[in-house]
Amino acid sequence: MVPVVRDGVPTPVPAPTSLEHAPVIVRDAVPADAAACAAIYAPYVRDTTITFEETPPSVEEMAGRMARAARQWAWLVAEVDGEVLGYAYAGRFKERVAFRWSSETSIYLAPDARGKGLGRVLYTALLDRLTERGYRRAVAVITQPNETSMAMHRSFGFTQVGLLPSIGFKHGAWRDVAWLVRSLGEGPVPGLTPDEPR
Ligand SMILES: CC(C)(COP(=O)(O)OP(=O)(O)OC[C@H]1O[C@@H](n2cnc3c(N)ncnc32)[C@H](O)[C@@H]1OP(=O)(O)O)[C@@H](O)C(=O)NCCC(=O)NCCS
């Protein structure tokens, strides 16, 4: 078991098998993590279609995104041996007010940190946090193909509910995007008005 520090309170979680030798800390991001998060994200922006951004955000822009996400949803980082190796966050799903119990989730790991169980630890903490805050639905928007992300989301109980064909154009070709959804906590309960997210 390794500690997960959430709001300063360590919570035991199962250690990812391949990182057993090094303690993994999942914690709320602080402004000083912006440079690491920007560095993790930049190659995905430049070299892949996983994100539809085309220009890597500056550290300042990243810090702003992190603060906005943390205020209302969550922005968590995974730290191993003092180094931030990945982050997961949630944000607004859609603007209209009745969507406010839903959030869109995302996760990025440093390339060398992939496939070692870190994604599972980080995403578990993210979904737990959103549940604690009273969100009822998590939505993932995944550019195709991305077998790893699709498999990870399915393993977390996400179900694909749609495929938007040729919805983005990046790196010289039209790209399809899958929409996946998962309930959080007790999910949407028919006939009951949910408590406000907090
Ligand atoms: C997607 C990502 C977050 C997964 O994190 P990870 O640490 O690599 O994944 P984990 O080792 O924790 O494995 C979690 C699950 O992902 C899936 N998975 C991981 N590696 C996989 C691979 N090479 N092929 C297929 N599925 C894979 C499996 O379902 C796995 O569950 P299991 O171990 O019970 O079989 C990570 O690979 C990543 O950052 N990828 C690039 C960015 C990205 O695609 N982000 C998602 C945007 S929608």
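The values are calculated or read from the model by the stated rules, or taken from the named source; none is laboratory data. These numbers come from a predicted model, not from an experiment. Every residue, glycine as well, gets a Cβ built from its backbone with ideal geometry; the counts of neighbours run over all protein chains shown.
Listing for the model above:
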| quantity | calculated |
| --- | --- |
| Close pairs from the stretch 130-152: first of a type outside the set (Val, Ile, Thr), partner within 12 Å of the ligand (Cβ to nearest atom) and assigned to a helix (DSSP H, G or I), Cβ under 6 Å, at least 6 apart | 140/153; 152/119 |
| Yes/no for residue 148 being part of a helix (DSSP H, G or I), among the hydroxyl-bearing types (Ser, Thr, Tyr), at pLDDT 95 or above and more than 13 Å from the ligand (Cβ to nearest atom) | no |
| Residues (more than 11 Å from the ligand (Cβ to nearest atom), within 24 Å of residue 79 (Cβ to Cβ) and surrounded by fewer than 19 Cβ atoms within 10 Å (Cβ to Cβ)) located in the stretch 115-145 | 131, 132, 133 |
| Tally, over the stretch 174-198, of residues that are part of a strand (DSSP E or B), among the small types (Gly, Ala, Ser) and without any contact (Cβ under 8 Å) to a residue 40 or more places away in the chain | 1 |
| Residues (surrounded by fewer than 16 Cβ atoms within 10 Å (Cβ to Cβ) and within 15 Å of the ligand (Cβ to nearest atom)) located in the stretch 52-82 | 52, 53 |
| Subset tally (residues that are assigned to a loop (DSSP other than H, G, I, E, B), near the ligand (Cβ under 7 Å from one of its atoms) and touching a residue at least 60 places away in the same chain (Cβ under 8 Å)) for the stretch 97-114 | 0 |
| Count of residues meeting criterion [loosely packed, with under 13 Cβ neighbours inside 10 Å and under 21 Å from residue 123 (Cβ atoms)] in the stretch 163-186 | 1 |
| Residue among 70, 39, 88 that is more than 23 Å from residue 148 (Cβ to Cβ) and of a type outside the set (Val, Ile, Thr) | 70 |
